[in-house]
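Remarks on the structure that follows.
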Amino acid sequence: MIIRLKPGIKAGKLAALRRGLSGLLPGAGFSGGRGSIAVNTPAPELLGRRLAEIENLPGIASVELSLREACPLAVTAPPPELDALYGKGLRKNFILIAGPCAVEDEASYLAAAKKLKAAGAGALRAGLFKPRTSPYAFQGLGTKGFGIVKKAARATGLAAVIEATSEQQLSAIKNAGGIAQIGARNMRNYELLKAAARAGLPVLLKRAPGATLKEWLLSAEYLLKHGNGEVLLCERGDSFSRSGLRGLNLNILRAALNSTALPVIADPCHAAGDRALVPAQALAAVRAGADGLMIEAALDPGTALMDGRQTLSIPEFATLVKRIRKLL
Ligand code: PEP
Ligand code: MN
């Protein structure tokens, strides 16, 4: 932890500040002292309790925590076993999740699921609870869609990734053998993160638009701290809107890959918002070292109730998988 001091701090004030720090962080070692003080890493619980008081000590300009100090579990957690999610026919383990944005009806979902499996998908997108910007937009089938998802999972042997927008949905997602997705809008919903951790099922955590690496890993830290080691991260770009900061943030994807052993995958569909851009962004993510992809793909994107513009057709998905195979 680095404590930056206000300029021109006098010796007497500095001594008082050091005494104040020693009182708040008993046993901690301090070094430096003119412009900044380095503190050896305190236990996260102690730091969590004392940080606000430390920041308030006279003479302190700012307090900076390293990633390791802020998210000790996320930076040291071993990679979870997620064999069930690996794409088929690839030389390397690579997570490949595919499916329509939302489950819409049984016939089209089952047909899509079988074709996606044949094309190489390792797991299915199975959105039932859709967090929509507009309350008038299709909200997903909700609880009544679980039967369809279970049928598709049985028919294909693939696990389903189902977004949870509230705590009440988690046990049903677990019963369906699913993986809970915490979407970009809920990355900072800390009560949902704690509940998802306690529910005891794998969790795919998307980065919120604009969130820093530290904020994203702190959300993963909630899952890990509350007992869930089966966490994967998903980069999905920096905007919800059609115009604006669209596109995968490959810099943050690489930074995440360099900071944690948890798998880091990419969702080029929500990042791009346009199917014409999806293959290029998907392949760029693979080249950047992503551990997997989540792709929106459906039987007929043209008639999808949501996100059709960014959804690949099944043949387009199959072509993309062939291109991924050449890289992996
Ligand atoms: C989704 O994957 O269905 C979704 C809503 O994405 P995001 O949370 O990244 O917007
Ligand atoms: Mn979508």
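The values are calculated or read from the model by the stated rules, or taken from the named source; none is laboratory data. Every value quoted in this text rests on a predicted model; they were computed, and no experiment measured them. Methodologically, a virtual Cβ is constructed for each residue, glycine included, from the backbone with ideal geometry; neighbour enumeration extends over all protein chains shown. Side chains are part of the model used for accessible areas, which takes the heavy atoms of the whole protein and leaves out ligands, DNA and RNA. Shrake-Rupley method; radii C 1.70, N 1.55, O 1.52, S 1.80 Å.
Here are a few things to note about the model shown:
- Residues satisfying the stated conditions in segment 43-68, i.e. farther than 14 Å from residue 2 by Cβ and small (Gly, Ala, Ser): 43, 48, 52, 59
- All positions within segment 196-255 that are at pLDDT 95 or above and among the hydroxyl-bearing types (Ser, Thr, Tyr): 212, 219, 222
- Members of segment 3-29 that are surrounded by 15 or more Cβ atoms within 10 Å (Cβ to Cβ) and part of a strand (DSSP E or B): 3, 5
- Taken together, 271, 261, 297, 276 contain a single residue that is away from ligand 1 (no atom under 13 Å from the Cβ) and either part of a loop (DSSP other than H, G, I, E, B) or buried (at least 17 other Cβ atoms within 10 Å of the Cβ) (or both), which is 261.
- Within this structure, residue 285 passes the test of being at negative phi, crowded, with 18+ Cβ neighbours inside 10 Å and of a type outside the set (Asp, Glu).
- Among the residues here, residue 143 qualifies as open to solvent by 40 Å² or more (accessible area, probe 1.4 Å), modelled with pLDDT of 95 or more and not charged (D, E, K, R).
- Residue in segment 104-113 that is within 18 Å of the chain's Cα centre (by Cα), at pLDDT 95 or above, over 24 Å from residue 282 (Cβ atoms) and surrounded by fewer than 21 Cβ atoms within 10 Å (Cβ to Cβ) present: no
- Odd one out for residue 315 among (1) more than 15 Å from ligand 2 (Cβ to nearest atom); (2) surrounded by 19 or more Cβ atoms within 10 Å (Cβ to Cβ): (2)
- Scanning segment 179-203 for residues that are over 21 Å from residue 270 (Cα atoms) and within 16 Å of ligand 1 (Cβ to nearest atom), we see that the one that is most open to solvent (accessible area, probe 1.4 Å) is 202.
- Taken over segment 83-124, the criterion of being away from ligand 2 (no atom under 16 Å from the Cβ), over 15 Å from residue 151 (Cβ atoms) and in contact with a Lys or Arg (Cβ under 7 Å, 6 or more places away or on another chain) is satisfied by 89, 90, 120, 122.
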